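The values are calculated or read from the model by the stated rules, or taken from the named source; none is laboratory data. The structure presented is a predicted model; accordingly, all values stated were derived computationally and were not measured. A quick note on method: Cβ atoms are made from the backbone with ideal geometry, for glycine too, and the neighbour counts reach across all protein chains shown.
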Amino acid sequence: MLAFVLIFVLLLLPLPAVAAPTTPNSLARQQPMLPQQSPQQALERLFVESQAQSGWFAESFLRQVPLAGIQPLLDDLKQSLGELQEIRPGPDGFELQFEQGRVRSQISLNAQGQITALYFAPPEIPVALEDAIAAVRSFPGEASLLVLQAERELANVNAEQPLAVGSAFKLAVLAALQGEIEQGRHRWDEVVTLQPGWKSLPSGLLQDWPDGTALTVETLATLMISLSDNTATDALIHTVGRQPIEVLSPRNHPFLTTRDFFALKNPQNALLLSRFRAGNEADQRALLEELATAPLPDASVFAGNPVALDVEWFFSAQELCALMAQVAELPLMQVNPGVANPQDWDAISFKGGSEPGVLNLTSWVRSHSGTSYCVSATWNSSTQSLDETALSRLYSGILARLQSTP
């Protein structure tokens with residue numbers, strides 16, 4: 001459900017091999033013909049030349065992102081971060097170091113040396129925690145922030161307030177599953193078969209897989225966390241049962257599957273939503289059987305303003321960091337680093353969530369010196385969609401500040 005990056009176009013193409021580090025001065029010394037441009041030099045040119053040229057980009061790229069849309073983003077990065085100082089190759093692309101921050105980037109060229117794919121992650125500009133606190137307090141709607149160093153609180157804005165967190169609720173599903181495995185009631189290598197009634201809407205893959213596909217519990221959990229696969233999530237909720245999850249989630253009773261969530265937000269099911277809202281917990285549990293077969297909405301329902309935000313999963317930042325602490329060391333938590341830069345940390349565990357009007361980012365990171373942090377930020381508005389880029393930039397800045405702390 002989440003995308004927290006500034007993207008021109010990112011095609012699923014293999015990226016070329018990277019070259020040695022360069023600085024902007026190196027481009028002034030040598031300007032090879034376009035076909036000889038390395039990916040690193042092509043990136044460098046975007047920031048040392050005053051104006052991007054259409055000939056630098058493949059026609060396939062410009063059909064999706066016109067040149068008029070490229071230059072403003074480059075100018076914004078220059079204005080926000082200052083002059084480019086260095087480009088460093090990494091395992092997943094490049095790191096662009098500017099005067100005031102850095103940006104991770106990926107680039108792909110065709111045989112003519114033209115750009116066919118270009119990606120910039122949110123800028124990493126270290127943000128003082130007091131400035132982060134002020135920024136979160138200024139967000140319209142409701143927002144929270146918690147920054148922990150081990151168990152020591154470094155920043156707190158409404159961290160005890162339950163807010164809608166979208167797919168970050170999957171941390172509770174994973175924590176309950178882990179508890180059931182520790183009690184011997186389930187196993188990571190336990191095989192379950194995909195049931196048609198478990199299939200939900202994307203994000204994810206399994207909604208398109210054949211009924212009866214055999215999957216291990218560990219595979220389901222990995223898909224749930226790394227890809228936020230909703231069908232994998234519902235498979236685990238049905239396998240573990242709602243009750244063990246509700247123990248970890250006292251205000252989310254009955255604990256909804258993602259299919260329940262989508263069905264309740266379907267305009268075709270308005271009567272079901274009215275009955276759900278009017279009922280007590282027992283009434284709502286009685287509706288679960290009807291929800292299991294109610295039609296799912298078209299994804300376009302979620303393309304605009306917030307939809308029925310009282311139908312959600314509600315957790316405080318304190319609860320999310322507590323859940324993250326329980327599961328952070330699981331290998332499957334290391335698959336998707338989220339917003340954090342993998343080169344900055346010894347280990348990263350991440351889960352976020354979003355729908356129109358709801359954003360959450362929750363990370364547990366361990367520094368190369370062994371210090372652990374949890375950062376959880378949530379933003380809600382029942383009246384408008386939210387600025388994902390604003391929250392992502394702020395969050396990246398917090399992580400950059402923590403990473404630079406001795």
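Taken over segment 277-313, the criterion of being of a type outside the set (A, V, I, L, M, F, W, C) and within 25 Å of residue 168 (Cβ to Cβ) is satisfied by 277, 281, 284, 285, 297, 298, 300, 304, 305, 306, 310, 312. For residue 220, the conditions (1) within 19 Å of the chain's Cα centre (by Cα); (2) part of a loop (DSSP other than H, G, I, E, B); (3) free of Cβ contacts under 8 Å to residues at least 60 places away in the same chain are fulfilled apart from (2). Exactly one residue among 88, 137 is in the same structural domain as residue 373 (by TED's automatic domain parsing), at negative phi and either without any contact (Cβ under 8 Å) to a residue 60 or more places away in the chain or charged (D, E, K, R) (or both), and that residue is 137. With a requirement of 3 or more residues that are within 30 Å of residue 329 (Cβ to Cβ), the strands (runs of 3 or more DSSP E) lying completely within segment 96-159 that satisfy it span 102-109, 142-149, 152-157.
Candidates in segment 355-391 are the residues that are modelled with pLDDT under 95 and in a helix (DSSP H, G or I); of these, the one that is surrounded by the most Cβ atoms within 10 Å (Cβ to Cβ) is 388.
Inclusion of residue 238 among residues that are in a helix (DSSP H, G or I), without any contact (Cβ under 8 Å) to a residue 60 or more places away in the chain and surrounded by fewer than 24 Cβ atoms within 10 Å (Cβ to Cβ) is warranted.
Residues of segment 305-349 being over 22 Å from residue 394 (Cβ atoms) and within 15 Å of the chain's Cα centre (by Cα), which ones? Residues satisfying the conditions are 333, 334, 335.
Among residues of segment 78-101 being of a type in the set (D, E, K, R) and out of contact with any strand residue (DSSP E or B) (no Cβ under 6 Å at 6 or more places or on another chain), the one that is modelled with the lowest pLDDT is 92.
Is it true that some residue in segment 54-77 is modelled with pLDDT of 50 or more, part of a loop (DSSP other than H, G, I, E, B) and under 23 Å from residue 122 (Cα atoms)? For segment 54-77, residues modelled with pLDDT of 50 or more, part of a loop (DSSP other than H, G, I, E, B) and under 23 Å from residue 122 (Cα atoms): present. Residues of segment 290-341 that are surrounded by fewer than 19 Cβ atoms within 10 Å (Cβ to Cβ) and hydroxyl-bearing (Ser, Thr, Tyr): 293, 300.
A single member of 134, 150, 155, 128 is out of contact with any Ser or Thr (no Cβ under 7 Å at 6 or more places or on another chain), more than 19 Å from residue 339 (Cβ to Cβ) and surrounded by fewer than 21 Cβ atoms within 10 Å (Cβ to Cβ), and it is 134. Look at segment 319-334: where a residue is in the same structural domain as residue 362 (by TED's automatic domain parsing) and farther than 14 Å from residue 179 by Cα and a partner is acidic (Asp, Glu) and in a helix (DSSP H, G or I), sitting 6+ places away or on another chain with Cβ atoms under 8 Å, you get 332/218.
For segment 254-289, a residue qualifies if it is under 22 Å from residue 240 (Cβ atoms), surrounded by 11 or more Cβ atoms within 10 Å (Cβ to Cβ) and out of contact with any helix residue (DSSP H, G or I) (no Cβ under 6 Å at 6 or more places or on another chain), and the qualifying residues are 256, 261, 262, 285, 286, 288. Whenever a residue of segment 185-205 is part of a strand (DSSP E or B), its partners that are surrounded by fewer than 19 Cβ atoms within 10 Å (Cβ to Cβ) and among the acidic types (Asp, Glu), lying with C-beta atoms within less than 9 angstrom and at least six residues away or across chains, give the pairs 193/211.
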